[in-house]
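Take a look at the structure set out below.
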Amino acid sequence: MKRYEALFILNTAGAEESVPEIIDRITAGIQELGGKVLQVQKMDKRPFARTPNRKVTSGYYVNFELEGPVELAVKLPHHFDFDPGVYRVLVTKAEKKAEPAVGVAEA
């Protein structure tokens, strides 16, 4: 099992109350693909620096920390291609957290 971080940009279209419902759908989709959600970090709604589409000028950012099989990183963005609540998905390999050295005294 590999650890990944998946940044989802949600298209709430002015309905911020739908964010928990979309997050539940994303969590179910991750589990459907064989992944396990470890942590969900809700961020703010932010305007885009460049807008490729005048209809969508901002998005609600949500970061998922998850673990799953290797093919999860490839399948996850395509799984949400036709979900109207998900604007973009970026999946990256999670960095290993630094562990304290064993036998080293702190000064």
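So how much slack lies between Met43 and Phe82, counting 0.36 nm per residue of separation and subtracting their Cα-Cα distance, in nm? Don't jump to the answer; show the numbers that get you there.
Values: separation 39, 0.36 × 39 = 14.04 nm, distance 2.28 nm.
Here the segment from Met43 to Phe82 would lengthen by 11.8 nm.
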Working from Cα positions, state the angle (0 to 90°, nearest 10) between the long axis of helix 19-32 and the longest principal axis of the chain.
60
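Could you work out the Rg to Rh ratio of the chain, with Rh taken as the Kirkwood radius (inverse of the mean 1/r over all Cα pairs)? Walk me through the numbers on the way to the answer.
Numbers: Rg = 16.4 Å, Rh = 15.1 Å.
Using only Cα positions, Rg/Rh for the chain is 1.09.
Going by how many other beta carbons lie within 10 Å of each one, how would you line up Glu17, Glu67, fewest first? Working shown, then result.
On the way: Glu17 8, Glu67 15.
With the sparsest Cβ surroundings first, the list reads Glu17, Glu67.
Each value in this text was obtained by applying a stated rule to the coordinates, not by laboratory testing. Since we're looking at a predicted model, the values are computed, not measured. Reconstructed Cβ throughout: ideal geometry from the backbone, glycine too, with neighbour counts over all protein chains shown.
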